[in-house]
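What follows is a set of notes on a single structure, which appears directly below.
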Amino acid sequence: MSVSCTKVHHEASDPRARLRFRCQTSPPLMATASHAPSLRRLLDLAWPIIVSRSAQTVVSVADAAMVAHLGEEGLAATTTGALNLMAFFILPMGVVFIVSSFASQLYGRGDHAGARRYGFYGLAVAAMAQVLYLVAALFAPRAVAAIGYSPAVAALMSQYIVCRLFTGGAAIGLEALGNYYGGLGNTRLPMAAQVFCMALNIALNWVLIFGHLGAPALGVYGAALASALSTLIAFLVLLGCFLAGYGEHTSARKSKAKLRLAELGRMLRFGFPSGLNWFVEFAAFSLFINLVINGLGTTTLAAFMAAMQVNQVAFMPAFGLTSAGAILVGQSIGAKALDEVPKTVKLTAFVTCGWMGFVGLVYLAFARLCMLPFAPPGAEREAFLDIAAQILTLSITWQLFDATVMTIAEALRAAGDTAFTAWVRGIAAWFVFVPGSYVSVRVLGGGIGWVVFWLTGYIALMAFVLLLRFRGGAWRKLDLAGAEMPPV
């Protein structure tokens, strides 16, 4: 809904002026119809996001596959280092996810200039994060050493993490701008940036890991350096597009971005729970890897992390679908077409569950084949493949629950219901998943089957609670974009 009148119109005694005010501030008569969910609209928004998320996954998968020849220590250091790195990235990254929620609601309202301001606020979060990453790089080696990895794995992992931290702000900025454009419904420009990042990363991996074109063979450090450089360059390209107003509505390009501290504070107020939502889960999962899986030996650690890399191939397209659903939810809320939201969520859940079910069947039939690119050379190869294939097959048990969690959590985030989701993830992760898996494996001596049991139970519990939350309708009463802050 676009409000183009002035206070003078509102206070005018002329009946015609009052009529103009009512006409200009009322939502369009066809708002509900124009925001009605359809499979075509969902997929049209989703496929560029799917490509973007898959490109991000290919970066980490390529790192893992291209260092596999170095042995299980190099593979464990790269994959586990990438996971531990997310403990640094996930909080600010989760905060800038809320940019999409603000942009989509303001776009649905017709306030294009207001939506653009939130792109700048996302960049401000990225800049603040980069300062913290430079400080964290000083302490990362000691933190890694204290966890208890083997000396070789710890040394390689420290190199990987420190190198990536130096361009961590670019990774957050790339995510912030991607969410801004996604909120506008322009999911193709961020896709192009992510595909460019992926292609550049693979090329730099080939040069820096193996030492081609006269470069030294840097191994694990080369994988980190390739990812850091490709992320920085891709961010600078997308930043240039944003500053030039490319891919935006004409009114947004022509407006001068008068940034408001109150709006930045509002974004952080809703965005911090969104970031905390992801941080508490990733922190719990990281602790689970370091305390539970690491205790099962280097081969099991490498196999589990490699299986999780493959599982991301399924997760990222599903996340792309749910992100597209969230954009439609946000735009419907902005246009006051609230009755279309449950229909959108239902459609998104149906498509996402269908995808995850298909992937589960692929795992069931080809689990060992999926893990072959990650198998290290030497005597441990067969043991690695047996464990990794078992983990990938057992992951079928949580696929549909994961699809449900992603769909509802993204819809609630688009509505601004971020604090509740953060509480649910935190309680389920730290009071159910981590202690249950630790006791079952490290205290009682259970194997990988108990690990999967607790993972599945944890995700199923979240799916149930979030479904009850959405059906309760609390999201209908929230005011994310701020009706009291009209566009100018």
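All of the numbers you see were taken from the coordinates with simple rules; none came from a lab. Being a predicted model, the structure only gives us computed values, none of them experimental. Using ideal geometry, Cβ is built from the backbone for each residue, glycine included, and neighbour counts are taken over all protein chains shown.
Over the alpha-carbon set of the range 373-488, work out the extent along each principal axis and list the three values in angstrom, largest first.
The Cα atoms of the range 373-488 stretch 67, 33, 20 Å along the principal axes, largest first.
Rounded to whole Å and ordered largest first, report the semi-axes of the equivalent ellipsoid of the range 328-398 derived from its Cα gyration tensor (root of 5λ).
41, 12, 8
If one takes the longest principal axis of the Cα atoms in the chain, at what angle in degrees, from 0 to 90 and to the nearest 10, does the Cα axis of helix 39-67 lie?
With rounding to tens, the tilt is 30 degrees.
In the range 53-153, if every C-alpha pair distance is counted and binned at 5 Å from zero, what percent goes to each bin?
Reading the bins upward from 0: 2, 10, 15, 15, 16, 14, 10, 7, 5, 3, 2, 0.
How many nm separate the modelled label positions at L467 and L213, each set 7 Å beyond the Cα in the direction of the Cβ?
5.1 nm
Considering all projection directions equally, how large on average is the shadow of the alpha-carbon convex hull of the range 393-446, in square nanometres?
So the Cα hull casts an average projection of 4.4 nm².
Once Lys and Arg get +1 and Asp and Glu get -1 on their Cβ, which of G240, F196, W454 lies farthest toward the positive end of the dipole of the chain?
The Cα lying farthest towards the positive end belongs to G240.
What order do you get for C197, C163 when you list them from fewest to most C-beta neighbours inside 10 Å?
The most exposed by this proxy come first: C163, C197.
Taking the Cα centre of the range 207-360 as origin and charging only Cβ (+1 Lys, Arg; -1 Asp, Glu), how large is the dipole, in debye to the nearest 20? Please report the intermediate quantities before stating the final value.
Numbers: 10 positive and 5 negative charges, 139 e Å.
The calculation lands at about 660 debye.
Restricting everything to alpha-carbon atoms, can you work out Rg to Rh for the range 44-477 with a Kirkwood hydrodynamic radius?
0.96
Within a Cβ distance under 10 Å of V153, other residues only, what is the Lys/Arg minus Asp/Glu net charge?
Around V153, the surrounding residues sum to -2.
Taking R0 as 22 Å, what FRET efficiency do you get between R442 and T397 from their Cβ-Cβ distance, rounded to the nearest 0.05?
Calculated value: 0.50.
What is the order of S38, S54, S286, S274, fewest Cβ neighbours within 10 Å to most?
The order, fewest Cβ neighbours first, is S38, S286, S54, S274.
Counting other C-beta atoms within 10 Å, which of V67, V61 has the fewest, and how do the rest follow?
V61, V67
To the nearest Å, what is the center-to-center distance of the range 386-449 and the range 76-155, using C-alpha atoms only?
21 Å
I'd like the orientation of helix 72-109 relative to the chain: the angle between its Cα long axis and the longest Cα principal axis, in ° from 0 to 90, rounded to 10.
Tilt of helix 72-109: around 10 degrees.
When the convex hull of the C-alpha atoms of the range 248-343 is computed, what volume per residue in Å³ does it have?
So the per-residue Cα hull volume is 178 Å³.
Please check which bits of the range 166-200 a label hung off V237 would reach, taking the label as a point 7 Å along Cα-to-C-beta and the cut-off as backbone N under 13 Å.
Within reach of a label on V237: 189-200.
Counting Lys and Arg as +1 and Asp and Glu as -1, each charge on the Cβ, what is the dipole of the chain about the Cα centre in debye, to the nearest 20?
1800 debye
With n ≥ 4 as the cut-off for DSSP H runs, can you work out [θ] at 222 nm for the chain, using -39500 (n - 2.57) per run divided by the number of residues, rounded to the nearest 500? Write out the running numbers ahead of the final one.
Values: 19 runs with 374 residues, N = 488.
Using -39500 (n - 2.57) per qualifying helix, the result is -26500 deg cm²/dmol.
List, in order, the whole-Hz ³J(HN,Hα) value for each residue of the range 262-274 obtained from phi through the Karplus relation with A = 6.51, B = -1.76, C = 1.60 and θ = phi - 60°; use x for Gly and Pro.
Whole-Hz 3J(HN,Hα) from phi for the range 262-274: 5, 5, 4, x, 5, 4, 5, 5, 8, x, 4, x, 4.
Given contacts defined as C-alpha pairs under 8 Å and at least six residues apart, what's the relative contact order of the chain, whole-number percent? Mind showing how you got there, number by number?
Working: 781 pairs, mean separation 110.7, N = 488.
About 23 percent, as a whole number.
For the range 147-278, what is one quarter of the convex hull surface built on the Cα atoms, given in nm²?
Taking the Cα atoms of the range 147-278, their convex hull projects to 10.8 nm² on average.
Between A199 and A127, what's the calculated FRET efficiency when r is the beta-carbon distance and R0 is 30 Å? Round to 0.05.
Here the calculated transfer efficiency is 0.65.
Number of Lys-Lys pairs in the range 44-477 under 22 Å by Cα, sequence gap 8 or more or different chains?
Close lysine pairs found across the range 44-477: 4.
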